[in-house]
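*Asks:* Submitted below is the structure of interest, expressed as structure tokens.
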Amino acid sequence: MGQKILFDKIHIPGIKTYDVYRENGGYASVEKALKMNPDDITEEVKTSGLRGRGGAGFPVGLKWSFIDKKSGNPRHLVCNADESEPGTFKDRYLMEYIPHLLIEGMITSSFALGANLSYIYIRGEYMWIFKTLERAIKEAYAAGWLGKNIKGSGYDLDLHVHCGGGAYICGEETALIESLEGKRGNPRIKPPFPAVKGLWQNPTVVNNVESIASVPWIVLNSGEDYAKIGLGRSTGTKLFSVSGHVKKPGVYEIEMGITVDEFMNSDEYCGGMIDDRPLKGLIPGGSSVPILPQHLIFKTANGEDRLMTYESLADGGFATGSSLGSGGFIVYNDTACIVRNTWNFSRFYHHESCGQCSPCREGTGWMEKILWRIENGQGTEEDIDVLWSVQAKIEGNTICPLGDAAAWPVAAAIRHFRDEFEYHIRFPEKIKNRDHFVNEPFEKVKHLLNSVTI
Ligand SMILES: Cc1cc2nc3c(=O)[nH]c(=O)nc-3n(C[C@H](O)[C@H](O)[C@H](O)COP(=O)(O)O)c2cc1C
Ligand code: SF4
């Protein structure tokens, strides 16, 4: 069984409560950190190779080292618990079942950054977890881990949990900051980056829940020990939230470096395909990253084993690879309709676009409309090219990466499943029923494409 560093205590009865958490070694990293030089903690995190778990995989220690300590302005740590990416629900699990681990990570990390006022920004739909966190924060204050002069160290920290209104864009770090300031969640133009001008124009680090929850283990053990887990630049363990057509969907902690095959098919993790139906596609990192077709899931285009690492999942670039993203692992069997799925994602991105830049505001709407047309038997052959051209014009031309996130799934679906789009266009009568491939999987009917030409 792989090593667990985030979930190792999650099954202890009562671990949600302060007393049980503390009895099981909780808050020991704070005790240790308060006796350390804050910059040495940042160095440990750098040595660990921990990369941000929110999606971009930027090294956490390096990000911390950018925080402006010279300006003399107050500094802040903001935990991004917005978790609104379709397919991603790992942070929810951590916060719901072991909330004190995140609070411990917030204190240790805030101390390293010299922050005296920190926040957890959580999506509005996680109201019950908001309450869980509020309760846990109250317990931490009562036990003297938060507030003034923590455990006699002279260090002060106030921690608040703030509930968002339920907008995906508020997960983008600068939109999140705007929202936390009480404004509309519109992403800011960067630079300046939050490390220089973030919350209330003060130096701010924004990190994902899982990133922050990994810090206590690193501080208690060492950056070097953390770096020994995993493979190459993909160090440590990683949470994946698994949904779709597998026998055992759920949230799993893995040591990075195991094969995709082992993750999907072993009893320890996903347990193989539900009803043993054929695998059709995989999105390894949430709705924003490219879908992989069956032949590129277990092996890369070079014929090497595809591994659960940042590098291997991205191997081949977007032509034949994907991305680890936010760890939202979505599995599709042969009954799934890729056109319908892509339309559904586009509908989401169109709805969630903040509307500041025209390529994203207009482009996401165009993609949604065209995909709806194709999925509903009203598409034309030309539509596929228009769709390709619209997504290509969004990518790289927007203020924030939501535009890219909307474009990539469309590009990948066309790249790998173009024949399925063509089938929708040429055989509208066959796709009238919304469950068209449930009754008749595409593999069984795709031969029709050879018999009819336009
Ligand atoms: C549209 C959009 C939504 C995002 N949503 C989240 C989110 O829910 N949680 C998260 O941690 N990061 C999210 N991010 C990434 C954040 O901007 C930021 O990179 C991240 O919180 C940094 O934390 P990390 O370095 O620990 O990964 C999102 C980015 C974009 C563009
Ligand atoms: S890319 Fe989209 S979500 Fe991001 S700032 Fe532009 S319009 Fe808003």
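*Asks:* Can you find a residue that is in a strand (DSSP E or B) and not aliphatic (A, V, I, L, M) anywhere in the stretch 139-147?
*Replies:* Checking the stretch 139-147: at least one residue is in a strand (DSSP E or B) and not aliphatic (A, V, I, L, M).
*Asks:* Which of the residues that make up the stretch 116-138 are open to solvent by less than 50 Å² (accessible area, probe 1.4 Å), outside any strand (DSSP E or B) and within 15 Å of Glu83 (Cβ to Cβ)?
*Replies:* Arg123, Gly124, Tyr126, Ile129, Phe130, Thr132, Leu133 - these are the residues of the stretch 116-138 that are open to solvent by less than 50 Å² (accessible area, probe 1.4 Å), outside any strand (DSSP E or B) and within 15 Å of Glu83 (Cβ to Cβ).
*Asks:* Also, quick follow-up: Taking the stretch 66-83 as the region of interest, how many residues are of a type outside the set (A, V, I, L, M) and surrounded by 17 or more Cβ atoms within 10 Å (Cβ to Cβ)?
*Replies:* 7
*Asks:* Return the residues of the stretch 93-112 that are surrounded by 24 or more Cβ atoms within 10 Å (Cβ to Cβ) and either free of Cβ contacts under 8 Å to residues at least 60 places away in the same chain or hydroxyl-bearing (Ser, Thr, Tyr) (or both); say none if nothing qualifies.
*Replies:* Ile103, Thr108, Ser109, Ser110
*Asks:* Test each condition in (1) open to solvent by less than 50 Å² (accessible area, probe 1.4 Å); (2) of a type in the set (A, V, I, L, M, F, W, C); (3) touching a Leu at 6+ places or on another chain (Cβ under 9 Å); (4) free of Cβ contacts under 8 Å to residues at least 60 places away in the same chain for Ala407 and report the one that comes out false.
*Replies:* Of the numbered conditions (1) open to solvent by less than 50 Å² (accessible area, probe 1.4 Å); (2) of a type in the set (A, V, I, L, M, F, W, C); (3) touching a Leu at 6+ places or on another chain (Cβ under 9 Å); (4) free of Cβ contacts under 8 Å to residues at least 60 places away in the same chain, the odd one out for Ala407 is (3).
*Asks:* If we scan the stretch 52-67, do we find a residue that is among the polar types (S, T, N, Q), part of a helix (DSSP H, G or I), in contact with a Gly (Cβ under 7 Å, 6 or more places away or on another chain) and under 18 Å from Ser211 (Cα atoms)?
*Replies:* No, the stretch 52-67 has no match at all.
*Asks:* If I filter the stretch 434-453 down to residues being without any contact (Cβ under 8 Å) to a residue 60 or more places away in the chain, of a type outside the set (Lys, Arg) and open to solvent by 80 Å² or more (accessible area, probe 1.4 Å), which single residue comes out as nearest to Ile374 (Cα to Cα)?
*Replies:* Restricting to residues being without any contact (Cβ under 8 Å) to a residue 60 or more places away in the chain, of a type outside the set (Lys, Arg) and open to solvent by 80 Å² or more (accessible area, probe 1.4 Å), the top hit is Thr453.
*Asks:* What are the residues in the stretch 195-206 that are in a loop (DSSP other than H, G, I, E, B) and either crowded, with 24+ Cβ neighbours inside 10 Å or on the phi > 0 side of the Ramachandran plot (or both), if any?
*Replies:* Selection gives Gly198, Pro203.
*Asks:* Now, a different point. Go through Thr204, Thr235 for me and flag whichever is touching a His at 6+ places or on another chain (Cβ under 9 Å) and either among the hydroxyl-bearing types (Ser, Thr, Tyr) or more than 18 Å from Ala56 (Cβ to Cβ) (or both). Working first, answer last.
*Replies:* On the way: Thr235 fails: touching a His at 6+ places or on another chain (Cβ under 9 Å).
Only one candidate passes the filter, namely Thr204.
*Asks:* Further, regarding this structure: Can you pull out every residue in the stretch 148-187 that is away from ligand 1 (no atom under 15 Å from the Cβ), of a type outside the set (Phe, Trp, Tyr) and in a loop (DSSP other than H, G, I, E, B)?
*Replies:* Within the stretch 148-187, Lys148, Asn149, Ser153, Gly154, Asp156, Glu181, Gly182, Lys183 qualify.
*Asks:* Then there is this: Return the total of residues in the stretch 61-115 being polar (S, T, N, Q), over 25 Å from Thr47 (Cα atoms) and more than 13 Å from ligand 1 (Cβ to nearest atom).
*Replies:* 2
*Asks:* Taking the stretch 342-358, which residues are surrounded by fewer than 22 Cβ atoms within 10 Å (Cβ to Cβ) and away from ligand 1 (no atom under 16 Å from the Cβ)?
*Replies:* Matches in the stretch 342-358: Asn344, Ser358.
*Asks:* Could you tell me which numbered condition Asp385 fails, if it satisfies all but one of (1) more than 21 Å from the chain's Cα centre (by Cα); (2) open to solvent by less than 40 Å² (accessible area, probe 1.4 Å); (3) away from ligand 1 (no atom under 16 Å from the Cβ)?
*Replies:* Of everything listed in (1) more than 21 Å from the chain's Cα centre (by Cα); (2) open to solvent by less than 40 Å² (accessible area, probe 1.4 Å); (3) away from ligand 1 (no atom under 16 Å from the Cβ), Asp385 misses just condition (2).
*Asks:* Listed residues Thr42, Thr47; which is under 25 Å from the mean Cα position of the chain (by Cα), at pLDDT 95 or above, open to solvent by 50 Å² or more (accessible area, probe 1.4 Å) and β-branched (Val, Ile, Thr)?
*Replies:* Thr47
*Asks:* Being within 16 Å of ligand 2 (Cβ to nearest atom) and outside any helix (DSSP H, G or I) is the filter here; which residues of the stretch 388-440 pass it?
*Replies:* Result: Glu395, Gly396, Asn397, Thr398, Ile399, Cys400, Pro401.
*Asks:* So, one more: Determine the pairs where a residue that is more than 21 Å from Phe427 (Cβ to Cβ), located within the stretch 355-380, has a partner that is more than 16 Å from ligand 2 (Cβ to nearest atom) and assigned to a helix (DSSP H, G or I) with Cβ atoms under 7 Å apart, the partner being 6 or more residues away or on another chain.
*Replies:* Met367/Leu387; Glu368/Trp343
The values are calculated or read from the model by the stated rules, or taken from the named source; none is laboratory data. Values in this document were obtained by computation on a predicted structure and should not be read as measured data. Note: ideal-geometry Cβ built from the backbone for every residue, glycine included; neighbour counts use all protein chains shown. Calculation scope for accessible area: heavy atoms of the full protein, side chains included, ligands and nucleic acids excluded. Shrake-Rupley method; radii C 1.70, N 1.55, O 1.52, S 1.80 Å.
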